[in-house]
Amino acid sequence: MSSPIPTDLQVSALRKRLTGAFPLMMHAAIEPFDDESIWWQPVESVNPVAVLALHCAGNLRHFIGRHVAGTDYVRNRPQEFDASRRLTKREIVEEFDRAIGDVRAAMDRLKPEDYAAPSRDPEGRHWTVYEDFLNATVHLALHVGQAIQLAKLRGYKLSDRVWGEAHAESGASRV
């Protein structure tokens, strides 16, 4: 049984969020932090914003970059969660942006029918490439929300890009 080809509207909606709105929101959450505070944890069991951004980058570069686009990225998941690395805020943002660039490049190369192709996830968790992108979008949204909450817990006032401007700027909303 073949999978239906997602519509241009469906692919566009994913792209606007995965490469537009959610990255803008992550940037807004990261913005008020400095090189030290980006590693802040309200309690030990909560990942700092730095780890959330690095984990999102690793996830995107692995599942989309490597398994959809065929990049040579090799994931080191434990390193994504290693707070002892103490990368600077700039290095964290660069790694996150590199991952978003990989996703954008992958989406630029795919034709509509490619999204209906079987997933290339080696663990077989998804049926189609479209599902690979949908899962990546949901995963990114979850961690962006956590980063926003951490910034708020830290007492930072976030810019309007956190929701309204991010969605408007990316074309993910009509506003």
Quiz prompt | Close pairs (7 angstrom Cβ cut-off, 6 or more residues apart or separate chains): farther than 15 Å from Pro122 by Cα in the range 60-80, modelled with pLDDT of 90 or more and part of a helix (DSSP H, G or I) anywhere | solution = Arg77/Gly58; Glu80/Val51; Glu80/Leu54; Glu80/His55; Glu80/Gly58
Self-check item: Qualifying residues in the range 74-86 (those that are open to solvent by 40 Å² or more (accessible area, probe 1.4 Å) and of a type outside the set (Lys, Arg)) - the one modelled with the lowest pLDDT
Solution: Ser84
Practice problem: Could you please give the count of residues in the range 150-173 that are aromatic (Phe, Trp, Tyr) and under 15 Å from Trp39 (Cα atoms)? | Solution: 1
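Residue-wise test of (1) closer than 20 Å to Ala53 by Cβ; (2) modelled with pLDDT of 95 or more; (3) open to solvent by 30 Å² or more (accessible area, probe 1.4 Å); (4) not in a helix (DSSP H, G or I).
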{"position": "Arg90", "(1), (2), (3), (4)": "yes, yes, yes, no"}
{"position": "Arg98", "(1), (2), (3), (4)": "yes, yes, yes, no"}
{"position": "Gly124", "(1), (2), (3), (4)": "no, no, yes, yes"}
{"position": "Phe133", "(1), (2), (3), (4)": "yes, yes, no, no"}
{"position": "Thr137", "(1), (2), (3), (4)": "yes, yes, no, no"}
{"position": "Leu142", "(1), (2), (3), (4)": "yes, yes, yes, no"}
Quiz item: What about His27, is it open to solvent by 40 Å² or more (accessible area, probe 1.4 Å), at pLDDT 95 or above and not in a loop (DSSP other than H, G, I, E, B)?
Solution: yes
Exercise. From the list Ser84, Ser45, Ser3, pick out the single residue that is more than 24 Å from Asn135 (Cβ to Cβ), of a type in the set (S, T, N, Q) and not in a helix (DSSP H, G or I).
Key: Ser45
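The values are calculated or read from the model by the stated rules, or taken from the named source; none is laboratory data. Treat the numbers as computed from the prediction; the structure is a model and nothing was measured. Cβ sites come from the backbone with ideal geometry, for glycine too, and all protein chains shown count toward neighbours. Areas reflect the complete protein model, heavy atoms only, side chains present, ligands, DNA and RNA absent. Shrake-Rupley method; radii C 1.70, N 1.55, O 1.52, S 1.80 Å.
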